[in-house]
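Down below is the structure, laid out as C-alpha cells.
The values are calculated or read from the model by the stated rules, or taken from the named source; none is laboratory data. If you're wondering where the values come from, they're calculated on a predicted model, not measured in any experiment. Positions of Cβ are backbone-derived with ideal geometry, glycine not excepted, and every protein chain shown enters the neighbour counts. Note: accessible area is taken over every heavy atom of the protein model, side chains too, but ligands, DNA and RNA are not part of it. Shrake-Rupley method; radii C 1.70, N 1.55, O 1.52, S 1.80 Å.
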Amino acid sequence: QKEVEQDPGPLSVPEGAIVSLNCTYSNSAFQYFMWYRQYSRKGPELLMYTYSSGNKEDGRFTAQVDKSSKYISLFIRDSQPSDSATYLCAMRGNYGQNFVFGPGTRLSVLP
Amino acid sequence: NAGVTQTPKFRVLKTGQSMTLLCAQDMNHEYMYWYRQDPGMGLRLIHYSVGEGTTAKGEVPDGYNVSRLKKQNFLLGLESAAPSQTSVYFCASSRPRGNNQPQHFGDGTRLSIL
C-alpha cells in the first residue's frame, strides 16, 4: 500500500461545477498538508497549505483535513477551464521530514 | 525573476551513457531537491541538500549522484544510464523545513534512455 493515495482520474466536469479532489494516507504522524497544481509540461506550483486538522479557504479553493480519517480534500467552486491540470497532494510529519507526494489527479474542466 | 531553472529540458540517451542535469535557483534558498515523476507513482525524492556542500539520499537514490558546490546550483548525475531511469526529473528549492516553506519547482527535464 502506498503511503499517500489519490484517485488518478481523469476527472471531467463541466464549467461552473464544484470539484472535490481527495487524498488518503496511512501515516498518522503527518501534520503538514499541501496541494500543488501542475499544468501539462510544467512543474508543480503550491496552491494551498494547511496544518493539522480543519478547513482553509482561499478564493474558490477550500482545503479540508480530517486527521481522524486520514483524509484530505481540495474543493474547487465555480470551476473554470483554466483549472484543468493535475492536482498533487503532499504531506509530512512534524519533525523536519521530507514531503511525501500523492500520484496526482488529472482534472479537465470542459467549457 | 527566473525562480528555478533546469537544463536541459529534454534529452535522449543510450543505455550506459552518462549525463548531468543542472538546476539553478535565484531565490537564495537553502534547501534543494531532485525528484523523478513517473505515471501513477507521483513525485519521488531522489536526493536533497540542506545547504552548500551537503547532500543526502531520498527515497530512490540508486543510480544517481548529486553535488551542491554552490548554494544556487544542484547537479544530478547519471553515471551509467538505464532504461528504468526514463522519467521526468524535477528540481525544487525551499527555505528550511522548520519554517514549513513550500517547494518551488522547475519545469522539468524529460529524459529518455534507449
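Considering the range A:11-27 alone, what residues qualify as being hydroxyl-bearing (S, T, Y) and either surrounded by 13 or more Cβ atoms within 10 Å (Cβ to Cβ) or in contact with a strand residue (DSSP E or B) (Cβ under 6 Å, 6 or more places away or on another chain) (or both)? Even if it seems obvious, please write down each step before you answer.
Here is the first cut: in the range A:11-27, the residues hydroxyl-bearing (S, T, Y) are A:12, A:20, A:24-26.
Passing the criteria: A:S12, A:S20, A:T24, A:Y25.
With respect to A:L88, is the statement that it is closer than 23 Å to A:K2 by Cα and surrounded by fewer than 18 Cβ atoms within 10 Å (Cβ to Cβ) true?
Considered against the rule, which asks whether it is closer than 23 Å to A:K2 by Cα and surrounded by fewer than 18 Cβ atoms within 10 Å (Cβ to Cβ), A:L88 comes out as no.
How many residues are assigned to a strand (DSSP E or B), open to solvent by less than 60 Å² (accessible area, probe 1.4 Å) and either touching a residue at least 12 places away in the same chain (Cβ under 8 Å) or polar (S, T, N, Q) (or both) when one looks only at the range B:6-57?
22
In the set B:F10, B:F74, B:F90, which member is of a type in the set (F, W, Y), facing chain A (nearest Cβ under 9 Å) and closer than 20 Å to A:K42 by Cβ?
B:F90
Can you pull out every residue in the range A:28-84 that is touching a residue at least 12 places away in the same chain (Cβ under 8 Å), open to solvent by 20 Å² or more (accessible area, probe 1.4 Å), under 25 Å from B:G3 (Cα atoms) and in a strand (DSSP E or B)?
The answer is A:Y32, A:R37, A:L46, A:L47, A:Y49, A:F61.
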